[in-house]
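Below: one structure, written as structure tokens.
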Amino acid sequence: MPSRPEDIKHEDEIVWTEDVSSFDYVRETLVDGVGTRRRPVSWRGQVGRRVGYAVLKAEAPSDRDAPGMFARRVFWVKEHDRSEQPSGPYSSGAPTEAVDPRTVAPGICGELTERAWGGPLTPGAPSSKKRAAAKRPQSAGRSQASSETGTASQQPAAIGQGVKEAFADWLHFRDVSVPEKIGAAAEEAFSRWLRANSQELTQAIAEAVAKRAALPQVPPPADDEGSRSGE
């Protein structure tokens, strides 16, 4: 989930496990349920590759609902990000979690810059500007005004492309296949059909059972061996 200033105010240090000086952006995620304040945040089994993480102060409180657990930021990239594939799907534009690593500091949320976006922010990144405004309440007025100006000048093609890229990234992040999505939709549609036709189905089943009960009972065939012994 995205980070907010109140979520990261106990950070002490940002540790980069890779050199990100050439990365236009990294993905920023706040991870719940981490069992340590300072040791590396495990990313085993997750999508993508971890390139950094936040370290908390020694006195940082644990989660109120989960004692001994902490929320910490992780910075990561995926195989189709610009740092991995400069000519890939994010040669321009950026995923929703993207922040410029140069704007990241302890207790400070990363921001989406023109370098991270790969061009001017106006055509396709209004949601990212609103996200930055939510992270930085003190600059909310300026961010909101610039966001509204950008929204007014957007072109439908740019919006459509942004939606397609966001949905493609959503599928990649959750590792969900298209057949799974289609199967889930078909299952939901069949469930709705069953609910809508439950009375008719119940009546049809009842009639079939009644007809079967009314059929004459046919005695089972005689056992040949038993018949011979009776002779």
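The values are calculated or read from the model by the stated rules, or taken from the named source; none is laboratory data. Nothing here was measured: the structure is a model prediction, and the numbers come from that model. As a convention, Cβ positions derive from the backbone with ideal geometry for all residues, glycine included, and neighbour counts pool all protein chains shown. These accessible areas exclude ligands, DNA and RNA; they are computed on the full protein's heavy atoms, side chains included. Shrake-Rupley method; radii C 1.70, N 1.55, O 1.52, S 1.80 Å.
Data for the structure
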| read-out | value |
| --- | --- |
| Heavy-atom accessible area order for ARG44, ARG39, largest first, 1.4 Å probe | ARG44, ARG39 |
| LYS211 - accessible surface, heavy atoms, 1.4 Å probe, Å² rounded to 10 | 140 Å² |
| Label-to-label distance, nm, for residues given as GLN199 and HIS80 (7 Å Cα→Cβ offset) | 4.8 nm |
| Per residue accessible area of the range 5-83, 1.4 Å probe, in Å² | 51 Å² |
| Neighbour-limited loop hits for GluC sites (Glu not before Pro), the range 1-59 (at most 11 other Cβ within 10 Å; DSSP other than H, G, I, E, B) | GLU59 |
| Residue-by-residue Karplus 3J(HN,Hα) for the range 14-21, coefficients 6.51, -1.76, 1.60, Hz, glycine and proline x | 10, 9, 9, 8, 9, 6, 9, 4 |
| Extension gain from LYS9 to ARG64, taking 0.36 nm per residue of separation minus the Cα-Cα distance | 18.2 nm |
| Rounded to whole Hz, the Karplus (6.51, -1.76, 1.60) HN-Hα couplings of the range 66-75, x for glycine and proline | 9, x, x, 10, 9, 9, 9, 7, 10, 10 |
| Net charge contributed by nearby residues that have their C-beta within less than 15 Å of ALA206 (K/R +1, D/E -1) | 0 |
| Calculated from backbone phi, Karplus (6.51, -1.76, 1.60) coupling profile of the range 90-103 in Hz, x at Gly/Pro | 10, 4, 9, x, 7, x, 5, 8, 5, 9, 6, x, 6, 9 |
| Residues whose placed amide H lies under 5 Å from that of ASP12, excluding near-sequence neighbours | VAL55, LEU56, LYS57 |
| Amide H contacts under 5 Å for GLY52, placed H, 5+ residues apart | THR17, PHE75 |
